[in-house]
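Read the structure below first, then the notes.
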Amino acid sequence: MGVLLAPSLLSADFSDLASAINKIEQNGGTVVHIDVMDGQFVPQITYGQPVIKSIRRLTSLPFDVHLMVEKPELMVDSFAESGADWITFHYESTVHIDRLINHIHSLGKKCGISIVPSTPVSALSEILHLVDLVLVMSVNPGFGGQSFIPYSLEKIRALAKIREERGLNFKISVDGGVNEKNFSEIASSGADILVSGSSFFSGKLDTKSLLSRGEIVVA
């Protein structure tokens, strides 16, 4: 069974996001992954609500807005209004996680929760039944083009096992260092969505071959 491809705009040409979105649509992308960075939770600053609102009209593909920010509870309403379909925030970035998940759902949006490499899967035990997606960061967040951290595979497998044992329905997404060499292994570990930035936009990820082999599916 194939996975969904979610190209990350972090590696696109910021001066021509329209072309980047067109490339996603033409090359097997099913989700647009949008990394929002605040310069505090991670070192860099990317883009915010006005940019997302401006590109929302360019595609009907769902936007997974990945909030790599401190205090995401202060921002989710405005990102929902700007066009996010999924809002994914970090376990490490806020205290009242249960409340924030419920609030995102009250906005009519799907909710994802992300963990950095140093956070164990066990930290999510009490809230896995509430979320729609778990995003496993397979690099330390903040910069594109990093190498995949191998022990991330064990975290993916652990989440897949918990999901099956508890009869849960959350999707498992993986972000960081996804490329042609490790794509199949990551997918076979239990991931449902693979985020690719540098490899996708550089053309090094052969999406046509992956599509033809059924390793990528288009929802």
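The values are calculated or read from the model by the stated rules, or taken from the named source; none is laboratory data. Being a predicted model, the structure only gives us computed values, none of them experimental. Cβ: placed from backbone, ideal geometry, glycine included. Neighbour counts: every protein chain shown. These area figures cover heavy atoms from the full protein model, side chains too; ligands, DNA and RNA do not enter into them. Shrake-Rupley method; radii C 1.70, N 1.55, O 1.52, S 1.80 Å.
As for the stretch 132-144, it holds no residue that is in a strand (DSSP E or B), open to solvent by less than 10 Å² (accessible area, probe 1.4 Å) and polar (S, T, N, Q). Candidates S184, S209: the one that is without any contact (Cβ under 8 Å) to a residue 12 or more places away in the chain and of a type in the set (S, T, N, Q) is S209. Is it the case that V51 is under 17 Å from the mean Cα position of the chain (by Cα) and either of a type in the set (A, V, I, L, M) or surrounded by fewer than 20 Cβ atoms within 10 Å (Cβ to Cβ) (or both)? Considered against the rule, which asks whether it is under 17 Å from the mean Cα position of the chain (by Cα) and either of a type in the set (A, V, I, L, M) or surrounded by fewer than 20 Cβ atoms within 10 Å (Cβ to Cβ) (or both), V51 comes out as no. Specify the residue that is most open to solvent (accessible area, probe 1.4 Å); the eligible residues are those in the stretch 145-157 that are hydroxyl-bearing (S, T, Y) and not in a helix (DSSP H, G or I). Selected residue: Y151. Residues being open to solvent by 10 Å² or more (accessible area, probe 1.4 Å), over 20 Å from V76 (Cα atoms) and touching a His at 6+ places or on another chain (Cβ under 9 Å) are represented in the stretch 170-192 by at least one member.
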